[in-house]
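This report concerns only the one structure given below.
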Amino acid sequence: MYSLTGVEYIEKAVKAHSESMLRAAYSILKSVPDAEDAVQEAFLKLIEKRPCFGDASHEKAWLLRVTLNISKNMLKASKKALSAQEDIPYEDKDSNVLPCVMALEEKYRTIIHLYYYEDYSIKEISSILNLPQATVGTRLSRGRKLLKSMLKGELDL
Amino acid sequence: MTFKEKYKKELGNISFSGSFEKDTALLLKNAAEGKENIMSKNRKPIKIAAVVAAAIMILSFSVSAVISLLSPSQVAEHFGEKELAVFFEESTHKVQTVTDGYYSACFLGMAPGKEMCVIDGTQINENRSYAVWALYRNDGTPMSILDGSPIQVIPVMKGYRPNALSAFGMSAHGTEKDGVLYFLCDYTDLEIFADKEVSLIVFEGTFPTPKILTNNEDGDVVYADGYKGIKGSFTLSLDKTKADSEAADKLLEALK
């Protein structure tokens, strides 16, 4: 009679959004197991709070916001300060784009991630992070400057 | 390759557990069952006298059995929202029921609120509107919170797309008592739109997609051709003295 049971909704949400949430959590925590823990906790919040969404993009934005908040709290709690090279098991060891982003302070890294990986606008990022647009714009600009300096102008940002 | 392309490629190369989605879905299913038990344990005892005094008696659509529903105050109390419970006691909104012969959705009340109860558990500093509605099966088959709700209730306004008012964020906390599901919904402040045609519309589905809701030529929010689920809406008795065109226009401007 109805289109989605609670269980079907859970499975659909996990399939639709895990990828984005894991990458977002990883961008803060720099650790695969920690990112997976953070994302699972975010999904647990979803079934606990049972928010209603206007559309699928709102659902994703809500999940990303919760994931980022949980990740930041985990980072504070563990007081980790990993070297950008340490936990990054990617194939192209010669490239330095990811380590450079990971070397940024969390407040710049998060915005760089949402802007360049998720293709969100400044307005959308402002809504997800609950920050004024001006603050998002300033941090994006500062993050770009820092990256340009680290990448020595090799890539267009 | 641009920075964006390199960043996406390198971050995309990070490997997560192959069974992550499967493990997570299982974890959530188990947690949902655990949650049901927790809610049963934490549910506040309701005094019989209070039930008799405050319960709302609704006649079932198909049989003569009487269904006794909790009042919106009781539902708010259940979620620990004591202040909101007081506001609901003063609510003048009419109890209304919509049915498709199988399910019945019953609007129990609405109250304004400020700085309370929110989407991700964080207090926010803005006015909100809170509504309570119940969902039950007409044949008396108990519903379970584990099944989720096949029905949604969202605010709509003539002249605007169906998800306009829910685009500002809304949430619903659900619970179950005696086979009836109750939802305490948190909407954007609807009172500022009191001088416009605002109502709560009921539909079957997860999101108000164009296959479910659309606008007709007059700007009314209507069901799409081909939609076969539950149909109906709840009229709201909003206080027109609280209408605020400036605030309303500012919010609606953000939609563009």
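Quick notes on this structure:
- Of B:Lys29/B:Lys250; A:Lys123/B:Lys22; A:Lys15/B:Lys228; A:Lys15/A:Lys107; B:Lys196/B:Lys231; B:Lys6/B:Lys29, pairs whose Cα-Cα distance is over 30 Å: B:Lys29/B:Lys250; A:Lys123/B:Lys22; B:Lys6/B:Lys29
- Average beta-carbon neighbours from other chains, 10 Å sphere, peptide B:206-213: 3
- The stretch between B:Glu5 and B:Asp139 holds 42.6 nm of extra length on full extension. This uses 0.36 nm per residue minus the Cα-Cα distance.
- In nm, spacing of pseudo-spin labels at A:Ser78 and B:Ala247 (7 Å Cα→C-beta vector): 4.3
- A Förster distance of 22 Å, applied to the separation of the beta-carbon atoms of A:Ala103 and A:Ala134, puts the FRET efficiency at 0.30.
- For the pair B:Leu26 and B:Lys240, a Förster radius of 60 Å applied to the C-beta separation gives a FRET efficiency near 0.75, rounded to the nearest 0.05.
- Cross-link pairs beyond the 23 Å C-alpha cut-off, checked among A:Lys148/B:Lys8; B:Lys94/B:Lys240; A:Lys60/B:Lys9; A:Lys45/B:Lys9: A:Lys45/B:Lys9
- Kirkwood estimate for region A:11-52, i.e. one over the average of 1/r between Cα atoms, Å: 10.5
- Solvent accessible area, Å² - A:Leu75, 1.4 Å probe, full protein context: 40
- Whole-Å distance, taken between Cα centres, linking region A:106-157 and region A:17-36: 18
The values are calculated or read from the model by the stated rules, or taken from the named source; none is laboratory data. Since this is a predicted model, take the numbers as computed values, not measurements. Note: ideal-geometry Cβ built from the backbone for every residue, glycine included; neighbour counts use all protein chains shown. Heavy atoms of the whole protein, side chains included, go into the accessibility calculation; ligands, DNA and RNA do not. Shrake-Rupley method; radii C 1.70, N 1.55, O 1.52, S 1.80 Å.
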